[in-house]
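Report on the following structure.
The values are calculated or read from the model by the stated rules, or taken from the named source; none is laboratory data. Remember, predicted model here, so these are calculated numbers, not experimental data. Reconstructed Cβ throughout: ideal geometry from the backbone, glycine too, with neighbour counts over all protein chains shown. The area values use the complete protein model at the heavy-atom level, side chains included, leaving out ligands, DNA and RNA. Shrake-Rupley method; radii C 1.70, N 1.55, O 1.52, S 1.80 Å.
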Amino acid sequence: KRQGRNSSKQTDGMASLRQAARAANSATLEEAKRYMLDFYRMVCREVPYVVKQYSLQELVTVQQLRSNIGEMFRKNAHVTDPKVIDILVMKAREELQMALLHHKQRHHLVTQYVSGAGSTYQAKPTTFLESFYASN
């Protein structure tokens, strides 16, 4: 281990992506679902890291963000083709990688995952903005 790293189970964000990298080539529906579930668990383990790195604590809790992500996974629960499931997981893996590598900005995460469909977060305009919009 490098000096200065703690030995806790907290990941550095990319460790699980490097561990789980494999070609998506599921032969059966059960294998694709297992692959998807393993990826979902990996995403849930990375949520605290993303919340901390993007300073999302004032907008959403870790549990709320996990719930929003789970809702996104449940939207595709009807998919039964293993190849389609593999493609969806591959696209989701790219999204996670972009977030972990900071290729996304904070507002991208807020609009896509915090205030997206199924979220309880509602942006409340300030009284200044309300009066500004009313005056124009």
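Once the stretch 30-62 is narrowed to residues that are among the acidic types (Asp, Glu) and assigned to a helix (DSSP H, G or I), the residue that is least open to solvent (accessible area, probe 1.4 Å) is Glu46. In the stretch 82-94, the residues that are touching a residue at least 60 places away in the same chain (Cβ under 8 Å) reach residues that are surrounded by 13 or more Cβ atoms within 10 Å (Cβ to Cβ) and hydroxyl-bearing (Ser, Thr, Tyr) with C-beta atoms within less than 8 angstrom, at least six apart or across chains, in these pairs: Asp86/Ser26; Asp86/Tyr35; Val89/Tyr35. Being modelled with pLDDT of 90 or more, buried (at least 16 other Cβ atoms within 10 Å of the Cβ) and acidic (Asp, Glu), is that true of even one residue in the stretch 65-86? Scanning the stretch 65-86 turns up at least one residue that is modelled with pLDDT of 90 or more, buried (at least 16 other Cβ atoms within 10 Å of the Cβ) and acidic (Asp, Glu).
If the condition is being over 20 Å from Leu109 (Cβ atoms) and either under 14 Å from the mean Cα position of the chain (by Cα) or in a helix (DSSP H, G or I) (or both), then the stretch 63-86 contributes Pro82, Lys83, Val84, Ile85, Asp86.
Of the residues making up the stretch 87-105, those that are over 20 Å from Asn25 (Cα atoms) and open to solvent by 90 Å² or more (accessible area, probe 1.4 Å) number 2.
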